[in-house]
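Below: one structure, written as structure tokens.
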Amino acid sequence: MLPYSLQTTPVCLIAFKRPELTRIVLDSLSINFDIAGAPLYIYIDAPRSDEEAPLVEEVATLCSSYKWNGEKHITRNTTNGGLRSGVISAISNVLETHPQVCVVEDDIVTTPFFYKFMCTALHAYKDSTKVSAICGSINFFKKSDTNRNINVKPFFARHFSCWGWATWRHVWNNISWDDKDYFLTIKKTKRIREFNYGIQPPFYNFLSAVVAGKLDTWATSFGASSFLKEYYCYYPPHSLTLNIGWSKDMGASHPNKKDPNSLIDFRDFSDNIHTIPDAEIFEHPSIRQSMQQGMKKTHSFLFFLKECLRIPFRLIRKVRTLLTHNTP
């Protein structure tokens, strides 16, 4: 059983308009080992339209009536702040009164050992100057049934995953959230390829979209800040969370056909956590290779297809520009 100091690590749940998923997430959290007594902070964003209002109200009613074995605090926004603003505000509020926090959004299902792994790792690396987060999902890494059976060691990686994670106040309060500065610094220092794990973007493109106001996310900003500060994230050997909200029917903000992370593990890896001195923390080449292979399969073809589809639109714009300038 976790020591009391770890057992009271708060859980921050970000919710919006998906009552079915929110209930599943709450149910999965409630059966986590050692989570009894942990404070639960639920933040519910306001609807963007009248059509969303009933769903948001249903989520609020569910959260209010849900039986949680510990303190429960519910905060409802009066106006819609969006994903980025809502998450940053929620975590900042929790960390005002707690030194660390576990974070899940309303589409992240956790295994029974998620909370225990987060708390144990938070304690192991609370004094580290090289670790920015504890991540629960290895969704971007290459999946291997063979490695799944034999690999039981947690590892470090430069990449940050927001599908169930945890961090400390001293890390969170040191983030500037200046996306334009992150964007320009990575470009000026010629580290785009490194930031993208040596493959065709997506991460730098995501950051560009955030700067342009086309993408409402906070995770890319956290990842860029962690990257530029030379931080590492700590991962379990296999995923302890599952994203169930990729379907547009489920109200996903950034829908996709399916969750690429189809494998989760119900084993307890917390006994394999050992504090490693900062001088020995690094990303093993095999981890980077696994990340590259996993990302290439998912994103390289999509990037190529997207660029091909842009060609005719670019030609049309050029023709229109020429016709406009040549019109007397």
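Laboratory data are not the source of any read-out in this text; all were calculated from the coordinates shown. Predicted model, so just to flag it, every value in this text is computed and none were measured. Every residue, glycine among them, receives a Cβ derived from its backbone with ideal geometry; neighbour counts consider all protein chains shown.
The slack in the chain from Glu280 to Ser64, taken as 0.36 nm per residue of separation less the alpha-carbon distance, amounts to 73.2 nm.
So what's the net charge close to Thr22: Lys and Arg +1, Asp and Glu -1, counting the other residues with Cβ under 15 Å from its Cβ? Every neighbour counted, the sum reads -3. Packing, taken as the mean count of other beta carbons within 10 Å per residue, orders the peptides 171-178, 222-229 from highest to lowest as 222-229, 171-178. Computed from the C-beta positions of Ser89 and Asp127, the FRET efficiency with R₀ = 30 Å rounds to 0.65. Neighbours of Leu83 by Cβ distance under 9 Å: Lys/Arg scored +1, Asp/Glu scored -1, total -2. Extension gain, Ser49 to His98: 0.36 nm times the residue separation minus the Cα-Cα distance gives 14.3 nm.
Amide H to amide H, with H built 1.01 Å from N, Lys72 comes under 5 Å of Leu40, counting only residues 5 or more places away or on other chains.
Distance between the 7 Å Cα→Cβ label points at Thr78 and Ala212: 3.6 nm. Using R0 = 30 Å, the C-beta based FRET efficiency linking Glu230 and Phe266 works out to 0.35. Applying the Karplus relation 6.51 cos²θ - 1.76 cosθ + 1.60 with θ = phi - 60° to the range 279-288 yields 3J(HN,Hα) values of 5, 9, 7, 7, 9, 5, x, 5, 5, 4 Hz, where x marks Gly and Pro.
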